[in-house]
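Novice: Here it is: the structure, laid out below.
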């Protein structure tokens with residue numbers, strides 16, 4: 001695929017993470033690019049006479065189509081999602097090295113843009129979160145959501161392995177950490193602390209030094225995260241019987257997400273058949289809770305695709321963990337980003353089953369990383385800047 005098209009696609013992916021006045025125009029432009037890329041990818045594969053896709057991707061596309069049959073009212077969302085998965089799979093399979101470097105390059109560019117937004121835009125001071133007696137401030141700007149800003153800062157932070165200049169490395173680290181702290185997103189800060197802990201425990205002198213133990217730890221962590229909304233649901237039901245949950249300040253700790261999770265899980269349980277096939281994509285017409293989505297990626301998967309889709313995506317992420325461990329030395333930044341994403345998905349749901357491709361691109365870079373290792377001599381020694 002043409003480099004210009006890839007650059008525009010990644011650029012628009014970053015832009016779509018911003019809360020702009022003409023956001024609908026950006027989304028339509030992104031949709032047009034998705035359809036154009038789908039046509040080009042299909043032509044490319046037909047020309048090569050090779051339309052093989054992995055079993056994992058086939059299962060994701062199949063289960064999405066299966067859920068669509070029973071939720072035809074959100075047909076457009078299903079088609080967009082299947083096109084998105086197909087496009088990113090092909091893109092990261094055949095242009096891995098180029099996409100990998102461009103994602104981190106644009107992450108740094110937009111991270112610097114965010115610095116100027118915080119400097120010159122109107123600031124909005126959100127409700128601070130108190131954790132273990134420590135107040136975590138939250139400073140917002142209207143042009144970008146906290147979640148988007150934090151994630152761009154994460155991608156920029158982990159791009160330093162591609163940067164040659166030491167002063168620039170220090171600047172990127174300082175800028176990224178500063179923006180993450182100012183944004184005050186608890187799940188991001190917690191995820192970074194866990195990444196640091198796993199990184200330390202993975203040294204030669206600690207228990208996670210063996211690949212087998214590391215794989216077991218990450219897969220256990222993934223399983224807990226996948227089940228997190230349901231663990232919380234039953235935890236809350238049990239505690240409501242024996243303790244005063246108001247004393248735990250659950251709404252303050254979870255920023256109201258606990259109410260969303262309870263409402264959405266109750267809705268799922270009250271529609272028995274939909275547990276199997278899913279409820280379709282979210283719409284403003286279907287009022288389930290005070291927000292139109294549950295702010296938990298794992299719960300979103302279950303809600304949209306049902307238990308079958310939930311299992312398929314769980315198995316897919318197990319494969320992604322396997323691949324991340326294989327490339328941990330060559331691409332440590334992708335390994336660490338995956339850990340962050342797994343935890344971030346407990347508090348947000350814009351990673352998959354969404355029109356924005358950026359986070360899915362990063363996930364598929366890990367999944368398709370073997371296509372970089374086959375050509376590692378081509379990219380070895382090259383630096384981003």
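The values are calculated or read from the model by the stated rules, or taken from the named source; none is laboratory data. The shown structure was predicted, so the numbers you read here are calculated from the model rather than taken from an experiment. When we count neighbours, we look across all protein chains shown, and the Cβ atoms used for this are built from the backbone with ideal geometry, even at glycine.
Novice: Considering 183, 191, which residue is buried (at least 16 other Cβ atoms within 10 Å of the Cβ) and touching a strand residue (DSSP E or B) at 6+ places or on another chain (Cβ under 9 Å)?
Specialist: Working: 191 fails: touching a strand residue (DSSP E or B) at 6+ places or on another chain (Cβ under 9 Å).
Exactly one residue qualifies, and that residue is 183.
Novice: OK, next. Restricting the search to region 165-177, which residues are within 14 Å of residue 114 (Cα to Cα), touching a residue at least 40 places away in the same chain (Cβ under 8 Å) and over 21 Å from the mean Cα position of the chain (by Cα)?
Specialist: Listed by number, the residues that qualify are 172, 175.
Novice: Let me ask you something else. Within the group 82, 37, which residue is surrounded by 18 or more Cβ atoms within 10 Å (Cβ to Cβ), touching a residue at least 12 places away in the same chain (Cβ under 8 Å) and within 24 Å of residue 13 (Cα to Cα)?
Specialist: Numbers: 82 fails: surrounded by 18 or more Cβ atoms within 10 Å (Cβ to Cβ).
Result: 37 is the single residue among 82, 37 that is surrounded by 18 or more Cβ atoms within 10 Å (Cβ to Cβ), touching a residue at least 12 places away in the same chain (Cβ under 8 Å) and within 24 Å of residue 13 (Cα to Cα).
Novice: I've got another one for you. Out of region 276-290, which residues are touching a helix residue (DSSP H, G or I) at 6+ places or on another chain (Cβ under 6 Å) and either within 17 Å of residue 259 (Cα to Cα) or buried (at least 17 other Cβ atoms within 10 Å of the Cβ) (or both)? Explain how you work it out, then say what you get.
Specialist: Quick first cut of region 276-290, residues touching a helix residue (DSSP H, G or I) at 6+ places or on another chain (Cβ under 6 Å) only: 276-281, 288-289.
If the condition is that a residue be touching a helix residue (DSSP H, G or I) at 6+ places or on another chain (Cβ under 6 Å) and either within 17 Å of residue 259 (Cα to Cα) or buried (at least 17 other Cβ atoms within 10 Å of the Cβ) (or both), then 277, 278, 279, 280, 281, 288, 289 are the ones that fit.
Novice: May I ask you to list the residues in region 27-71 that are part of a loop (DSSP other than H, G, I, E, B) and touching a helix residue (DSSP H, G or I) at 6+ places or on another chain (Cβ under 7 Å)? Show your work before the answer.
Specialist: Step one: of region 27-71, the residues part of a loop (DSSP other than H, G, I, E, B) are 49-54, 71.
Within region 27-71, 51, 53 qualify.
Novice: Just name the residue that is farthest from the chain's Cα centre (by Cα) out of those in region 335-350 that are surrounded by 21 or more Cβ atoms within 10 Å (Cβ to Cβ) and part of a loop (DSSP other than H, G, I, E, B).
Specialist: Checking each candidate, the answer is 346.
Okay, residues lined up against (1) at pLDDT 80 or above; (2) under 26 Å from the mean Cα position of the chain (by Cα):
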site: 212; (1), (2): yes, yes
site: 221; (1), (2): yes, yes
site: 224; (1), (2): yes, yes
site: 230; (1), (2): yes, yes
site: 233; (1), (2): yes, yes
site: 247; (1), (2): no, no
site: 251; (1), (2): no, yes
site: 257; (1), (2): no, yes
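Novice: Further question: Mind listing whichever residues of region 9-26 are surrounded by 15 or more Cβ atoms within 10 Å (Cβ to Cβ), modelled with pLDDT under 90 and part of a helix (DSSP H, G or I)?
Specialist: 26
Novice: Of everything in region 141-164, what is part of a loop (DSSP other than H, G, I, E, B) and either free of Cβ contacts under 8 Å to residues at least 60 places away in the same chain or more than 21 Å from the chain's Cα centre (by Cα) (or both)? Give them in sequence order.
Specialist: Taking region 141-164 first, the residues part of a loop (DSSP other than H, G, I, E, B) are 142-143, 145, 158-159, 163-164.
Selection gives 142, 163, 164.
Conditions (1) part of a loop (DSSP other than H, G, I, E, B); (2) at pLDDT below 95; (3) touching a strand residue (DSSP E or B) at 6+ places or on another chain (Cβ under 7 Å); (4) closer than 25 Å to residue 65 by Cα, marked per residue:
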position	(1), (2), (3), (4)
316	no, no, no, yes
329	yes, yes, no, no
333	no, yes, no, no
355	yes, yes, no, yes
359	no, yes, no, yes
364	no, no, no, yes
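Novice: Given the conditions (1) under 26 Å from residue 63 (Cα atoms); (2) in contact with a helix residue (DSSP H, G or I) (Cβ under 7 Å, 6 or more places away or on another chain), and given that residue 311 satisfies all but one, which numbered condition is not satisfied?
Specialist: Every listed condition holds for residue 311 apart from (2).
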